[in-house]
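Presented below is the structure to which this report refers.
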Amino acid sequence: MATTIDRRELADFLRRRRERVTPKDVGLPAGPRRRTPGLRREEVAQLAGMSADYYIRLEQARGPQPSPPMLAALARALRLDADERDHLHLLAGHRPPAGRVAGDHVAPGLLHLLDQLPTTPAQILGDLGDVLAQNAPARALLGGVCTVSEHGRNVVWRWFADPLARTAYPPEEHAYYSRLHVADLRAAYGRRGGDPASTRLVERLRAASEEFATLWAEHEVAVRRHSRMRVEHPLIGPVDLDCQVLLAPEGGAGGAVLGVSVRKGRAPWATWAAQRFCSGV
C-alpha cells in the first residue's frame with residue numbers, strides 16, 4: 001500500500017548513492033573529463049531503463065511517485081544492498097514486505113531467554129536504540145541506563161550527547177561506532193516513516209552533536225546485525241566482543257532487538273563472569 005512520498009529525503013538519498021557508484025562498478029567506461037563524483041544522472045537513468053528527465057526530476061525533489069518496479073530498477077542501478085533497497089521504498093512511500101515498527105513492550109519469552117545467559121552479556125533494544133532490558137553480565141560490562149531523563153536509556157543519544165559514554169571504548173574505535181549507530185538509526189527512521197518518536201530523537205541529536213549531524217547528512221543506512229566491540233573493563237581490562245543482533249520475527253514487542261555479545265579470544269571474562277554471576281557473588 002502506497003503512503004506519502006518524502007521527496008526531499010528521496011532526492012538526497014538518490015544523489016548520495018549515485019555519487020558513491022563508479023562507472024567501473026557498473027561496467028561503464030569512465031571517459032575523459034569526468035568531473036561528476038560517481039555516476040552521471042543520465043547513466044543511472046540508462047541503467048534503470050527510464051528517461052533521464054524522469055530521474056533528474058526525482059533528484060530535484062519534484063518528480064512523481066515512483067512505482068515499486070521502478071524503485072527495484074533504481075536499486076539495481078545504484079547497487080543498493082537489502083537495507084538500502086528497503087529504505088528507498090520507504091522514502092518513496094511504499095512499504096517493503098517486512099517493515100513493521102518495534103515497540104517498547106518486551107515479550108516474556110525474550111526476558112526468559114535473557115535469564116538463561118548467566119555469563120553472556122545480553123540486552124534487548126528497541127529499534128531506535130532504547131535499552132529495554134539487560135541481564136546482569138551486560139550491566140556489569142556495559143553499564144546500566146538512566147530511565148528518568150528523556151532518551152537516557154537510548155544508546156545512540158548517550159554515545160553522541162554524553163562524553164562519559166565513550167570512556168570505556170578505545171578512541172581509535174569511536175568513528176566506527178559512530179557510523180554504526182547513525183546508519184542503524186537511519187534505517188529505523190525510514191521504517192517508521194519519520195514518526196514523532198524518531199523525529200524527536202533525530203532532532204535532539206542533530207542539535208546536540210555536530211558529529212551526528214554530519215554523519216546523518218551522509219544518509220548512510222544499514223541495519224545492525226553483527227559488529228565487533230572492545231570494552232575497557234575497570235577490573236579485568238580490555239574485553240573483545242563479537243556482537244550478534246537477533247531480530248525477533250513478530251511485530252510490536254518482537255520488533256525489539258536482542259543484542260547478544262559473545263567474548264572471543266582468551267581474556268579472563270568468561271572465568272570472571274562465571275565466578276561472579278554463577279556463584280552468586
Residue-ordered couplings for the stretch 199-215, obtained by feeding phi - 60° into the Karplus form 6.51 cos²θ - 1.76 cosθ + 1.60 and rounding to whole Hz (Gly and Pro as x), are 5, 4, 4, 5, 4, 5, 5, 5, 6, 8, 9, 5, 4, 4, 4, 5, 5
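Using a probe of 1.4 angstrom, how much of the accessible area of the stretch 130-213 is carbon and sulfur, in percent?
52 percent
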Any residue on another chain or 5+ positions along whose placed amide H is under 5 Å from the amide H of L132 is listed here as I124, L125, G126
Each label sits 7 Å from Cα toward the beta-carbon; between T22 and E218 the label points are separated, in nm, by 1.8 nm
Per residue, accessible area of the stretch 1-94 with a 1.4 Å probe, heavy atoms of protein chains only, in Å², comes to 53 Å²
Averaged per residue, the 1.4 Å probe accessible area of the stretch 150-237, protein heavy atoms only, in Å², is roughly 48 Å²
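The values are calculated or read from the model by the stated rules, or taken from the named source; none is laboratory data. Quick caveat, the model's predicted, so the values are computed rather than measured. Methodologically, a virtual Cβ is constructed for each residue, glycine included, from the backbone with ideal geometry; neighbour enumeration extends over all protein chains shown. To get the accessible areas, we keep the full protein, side chains included, count just its heavy atoms, and leave off ligands, DNA and RNA. Shrake-Rupley method; radii C 1.70, N 1.55, O 1.52, S 1.80 Å.
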